[in-house]
Structure formats: C-alpha cells, structure tokens
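What follows is a set of notes on a single structure, which appears directly below.
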Amino acid sequence: MSNRYTLKNHIAISTYNAESSHKIEVEINKRKIYNKEFIEKKEYNLKIVDYFDYLGPGSNSIEIKWEGERECAKKYLKIYKVVVNDQHIAPHSVMITPTQNEYIENLLSTEEGTTFYKGKLFAPGHEHGWYGLYKFNFLLDKQDIKDKKQQSLIATTGIIQPHIYSDSTKVKHHKKAFIK
C-alpha cells in the first residue's frame, strides 16, 4: 500500500505551572505520539514533529491532554501552531473539555461565571488556563470520502471542519504553512 497518507505533523505549544508538576500528552486518532512531564516554575516551549499514517480519507483528530497535580492561578497552555502536511489548522478552532474540579464547579454556579465559561469554550483564542482535553478535528481529502453519511452528519451539526489535502499541490497558497 502507498504511503500517500503518511503525513508530517507539527505542533508548537508552550506550557507553564507556577506551583506543581504537570504533563502534556498528544494523540492523533487515539494513538499517542507524545507524552512528557514537566516541573513547576519553568516555561517549556515544545515543537512536536512526527509523521503519522492516517490510512485514508476521512475524519481525524489531534488531541492535547493537559493534566497537573494541583490547580493554581498561574498556569497556562499556549497553542501556537497545529500543522498537518504543511497546512494550518487554526489554534482557535480547538474544542475544549475542561477537567471538572472545584474551580469549574464554582464558576458554573453563577450566571456571570457560566457566561465567562461558555465564552472561553466558544472563542478560546490560543492561551488556555484550564487543565483538560484540547481537540482539533479535521477532514483529510474530503473529496475522496466514500461514506457520504459521515460528511452529512458533520454538516448537520453546523460545525465546519478544516480540510487537509494529502496532495499538497491542491492546497491554496494562503492555507500553506511555512515552518522554520
């Protein structure tokens, strides 16, 4: 079988926690490609580069799981770049599932807190302060997906997923990523 769907992935993130150790785990389609623990009071700038065999056209995901020993106010995860086959997936398109803890429960106990919580979920930006799961979904070679039911289910949700091409000659110039 051809290696047409073995594509290069590039993820650029930084993380920091002032009070406790923490860890980052990265999975592509539920297969772990990166796992590392970090000590407190030190900023880490990570460039995760790996090839992954996506097997064929269809729906795919990249997940970043951020966990720590303790909660604290001075911590962050910044997602700068998510690139598949030299094509950007916008960092602000991430879907966040925060780890439920006392802080999140207290936040959701007020109307103002719930509004803030929803705002961070629907317009997250690139800097995050909550432990949890950060998930990027995308379609690989959308035009070649044989199971049209998969596409119609996604379309009915109203969620627009980024499209990635395995053939980089099909990518429009403004969608290309230039990585140093």
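Each reported figure results from applying straightforward, stated rules to the coordinates on display, with no laboratory input. Fair warning: this is a prediction, and the values are worked out from it, not measured in the lab. Every residue, glycine as well, gets a Cβ built from its backbone with ideal geometry; the counts of neighbours run over all protein chains shown.
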Scalar couplings 3J(HN,Hα) for the range 8-24 by Karplus 6.51 cos²θ - 1.76 cosθ + 1.60 (θ = phi - 60°), nearest whole Hz, x for Gly and Pro, are 7, 10, 9, 10, 10, 9, 9, 9, 7, 9, 6, 10, 8, 5, 8, 9, 10
Applied in sequence order to the range 113-122, the curve 6.51 cos²θ - 1.76 cosθ + 1.60 (Karplus, θ = phi - 60°) yields integer Hz couplings, x standing for Gly and Pro, of x, 5, 4, 4, 4, 5, x, 5, 6, 8
If amide H atoms are modeled at 1.01 Å from N in the peptide plane, then the residues at a separation of 5 or more from T99, or on another chain, having amide H under 5 Å from its own are Y131, G132, L133
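Among the GluC sites (Glu not before Pro) within the range 1-108, which fall in a DSSP loop and have no more than 14 other Cβ atoms within 10 Å of their own Cβ? Walk me through the numbers on the way to the answer.
Values: sites: E19, E25, E27, E37, E40, E43, E63, E67, E69, E71, E102, E105; in loops: E19, E40, E43, E69, E71.
Those that pass, being in a loop and sparsely packed, are E43, E69.
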Over 21 Å (Cα to Cα) among K78/K172; K36/K135; K41/K75; K47/K172; K8/K32; K36/K75 -> K78/K172; K47/K172
Looking only at aspartates and glutamates whose Cα falls under 17 Å of K23's and that sit 8 or more positions away or on another chain, we get E37, E40, E43, E63, E67, E69, E71, E127
The answer for S166, listing residues at least 5 apart or on another chain whose modeled amide H is closer than 5 Å to its amide H, is D141
